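Please treat every number below as a calculation from the coordinates, not as lab data. Please read all numbers here as calculations on a predicted model, not as lab measurements. Cβ sites come from the backbone with ideal geometry, for glycine too, and all protein chains shown count toward neighbours.
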């Protein structure tokens with residue numbers, strides 16, 4: 001009986017979906033390394049006579065860091081054309097190429113200009129990756145495991161952050177950059193053997209290839225009839241959701257407008273919750289907090305602690321839904337940030353050596369909280385809220401807007417944290433976490449266990465007149 005049950009379990013396991021998610025995770029790992037290398041290398045970049053070959057001021061560091069946001073915005077704008085012409089698989093392959101090129105530039109950098117150029121190209125690759133991978137995952141995933149599959153690349157990306165924060169301080173500059181360049185190459189060759197999205201193949205008129213792709217993504221116990229039924233469902237979805245839309249046409253659809261606002265707001269809130277700034281300047285923050293621990297040790301702890309939180313959220317996202325996780329994540333992060341800011345403020349007035357361990361606890365609580373939902377749920381929403389017709393317009397718009405906001409916030413915070421005081425920034429970040437709670441309660445839709453069609457219907461409280469091209473134009477009351 002046990003043997004038969006095990007056999008049935010193996011037959012029903014959709015291994016190719018998980019394998020694809022892990023492969024995309026390697027690209028996320030690469031993106032994290034290429035993005036995060038500045039954090040452990042920051043002391044080397046700002047120390048004269050280091051072996052990096054470049055010595056930067058904090059003002060120059062802020063320019064280098066913020067340039068990534070511009071690159072992400074440009075990469076996001078290219079996504080629409082790339083997805084339409086070559087599909088998500090080849091787009092992800094292009095992203096890995098950009099990440100490799102950026103690592104090579106970092107390796108040979110001997111000036112601020114080269115570092116800025118490398119960060120710009122890395123930002124393009126990162127912008128493409130962050131936007132494209134949830135679309136690919138959502139198009140290949142069964143709806144009952146879509147949330148779980150979506151967290152796999154995020155978790156592996158977290159491992160990239162962990163590697164940067166934990167191993168980076170103990171590695172030389174060139175050694176770390178070489179490691180950064182290896183993983184996108186590994187992804188490139190591994191992903192060549194992964195099937196393309198059946199949605200893209202059907203849109204390209206390749207029905208036979210789409211059928212084969214769907215069969216490979218299905219479990220061994222799935223019959224030919226079931227695969228054909230799924231294929232027909234996808235065809236019907238595409239038939240109702242085809243044709244190129246201009247931005248003006250898209251804005252006429254109320255569900256598109258609502259999706260654009262929700263995704264943009266979710267990403268902007270995450271940016272102003274301080275995720276990028278705190279992670280990048282973690283060693284500077286640790287030094288300011290006078291915890292008694294080495295800055296390297298604080299960096300390691302900060303990187304390790306996010307793993308259990310991401311793992312837990314991966315199991316809970318399809319059980320309890322997106323709204324509760326986003327709300328809890330915002331609440332925990334907000335409390336931790338306000339307490340951290342208060343400690344840093346009081347540290348300048350009183351002797352707090354007896355509770356010098358508190359800043360570490362607050363940073364741990366913050367990292368646990370943001371990793372529980374804030375950092376990855378907005379990415380999942382990109383693939384869930386936009387339709388096939390609007391993903392190439394809405395997604396890039398939301399990504400570009402949030403990336404430009406990130407450019408401004410990182411530049412301003414990086415330039416002014418010395419004059420404003422670190423505690424002021426923490427209080428501001430905490431305030432935006434409170435805004436995130438209100439956003440989760442009153443704006444964020446619940447997409448748990450819903451098909452694409454069900455999600456779009458839930459975005460509309462009215463019926464819509466649909467013209468001959470399938471564009472929702474005029475809302476009609478019941």
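Output needed for the chain: three equivalent-ellipsoid semi-axes, defined as square roots of 5 times the C-alpha gyration tensor eigenvalues, in descending order, whole Å.
38, 25, 22
Cα centroids of the stretch 275-316 and the stretch 183-205: how far apart, whole angstrom?
Result: 34 Å between the Cα centres.
List the extent of the Cα atoms of the stretch 22-61 along each of their three principal axes, largest first, rounded to whole Å.
Extents along the principal axes: 41, 21, 12 Å.
For the chain, what is the relative contact order in percent, using Cα pairs closer than 8 Å and at least 6 residues apart in sequence?
Here the relative contact order equals 24 percent.
Does the stretch 146-215 come out rounded, prolate or oblate by the C-alpha gyration tensor, with a ≥ b ≥ c the root eigenvalues, rounded set by a/c under 1.5 and, if not, prolate when a/b is larger than b/c and oblate if not?
prolate
If you take all C-alpha pairs in the stretch 268-381, what percent of them are over 20 Å apart? Walk me through the intermediate numbers first.
Numbers: 2641 of 6441 pairs.
Taking all Cα-Cα pairs of the stretch 268-381, the fraction more than 20 Å apart is 41 percent.
How large is the helix-only mean residue ellipticity at 222 nm for the chain, computed as the sum of -39500 (n - 2.57) over DSSP H runs with n ≥ 4, divided by its residue count, in deg cm²/dmol to the nearest 500?
Using -39500 (n - 2.57) per qualifying helix, the result is -25000 deg cm²/dmol.
Could you give the angle, 0 to 90 degrees to the nearest 10, between helix 306-320's Cα long axis and the longest principal axis of the Cα atoms of the chain?
Taking the Cα atoms of the chain, the angle to 306-320 is about 30 degrees.
No solvent, one uniform scatterer per C-alpha: report log10 I(q)/I(0) for the stretch 252-330 via the Debye equation at q = 0.11, 0.19 1/Å, two decimals.
-0.46, -0.98
Sorted by packing (mean other beta-carbon atoms within 10 Å per residue), highest first, where do 290-297, 130-137, 401-408 land? Walk me through the intermediate numbers first.
On the way: 290-297: 15.6, 130-137: 27.4, 401-408: 20.6.
With the highest mean Cβ count within 10 Å placed first, the list reads 130-137, 401-408, 290-297.
Obtain the radius of gyration and the Kirkwood radius of the stretch 393-438 from its C-alpha atoms and give Rg over Rh.
Radius of gyration relative to Kirkwood radius: 1.09.
When each pair of different Cα atoms in the stretch 82-193 is counted once in the 1/r mean, what is the Kirkwood radius in angstroms, to one decimal?
Taking the inverse mean of 1/r over all distinct Cα pairs, the stretch 82-193 comes out at 15.2 Å.
Quick check of the Kirkwood formula: for the stretch 24-137, what is the inverse mean of 1/r over all pairs of different Cα atoms, in Å?
Roughly 14.3 Å, rounded to one decimal.
For the stretch 305-463, just run the numbers: alpha carbon Rg, then divide by 2.2 N^0.38 Å, N being how many residues it has.
Compared with the compact-globule rule of thumb, the stretch 305-463 sits at 1.22.
Counting alpha carbon pairs within less than 8 Å and at least 6 residues apart, what relative contact order, in whole percent, applies to the stretch 178-232?
It comes to 25 percent, rounded to a whole number.
In whole Å, what is the distance between the alpha-carbon centres of the stretch 414-457 and the stretch 42-119?
With the stretch 414-457 and the stretch 42-119 each reduced to a Cα centre, they are spaced 26 Å.
The stretch 158-198: Rg/Rh from Cα coordinates, Kirkwood Rh?
A ratio of 1.15.
Percent of Cα-Cα pairs per 10 Å bin, from 0 to the last occupied bin, for the stretch 58-105, please list those.
23, 45, 25, 7, 0
Could you work out the relative contact order of the stretch 102-194, using alpha carbon pairs under 8 angstrom and six or more residues apart, expressed as a whole percent?
Relative contact order here is 33 percent.
On alpha carbon coordinates alone, what is the Rg over Rh value for the stretch 343-426, Rh being the Kirkwood radius?
On the Cα set of the stretch 343-426, Rg over Rh gives 1.15.
Once both axes come from the Cα atoms, what is the angle between helix 15-36 and the longest principal axis of the chain, in degrees from 0 to 90, rounded to 10?
It is inclined by approximately 30 degrees.
With N set to the residue count of the stretch 85-142, report its C-alpha Rg divided by 2.2 N^0.38 Å to two decimal places.
In units of the globular-protein estimate, the stretch 85-142 measures up at 1.33.
Using only Cα atoms and rounding to the nearest 10 degrees, what angle (0 to 90) does helix 254-272 make with the longest principal axis of the chain?
Once rounded, the angle reads 20 degrees.
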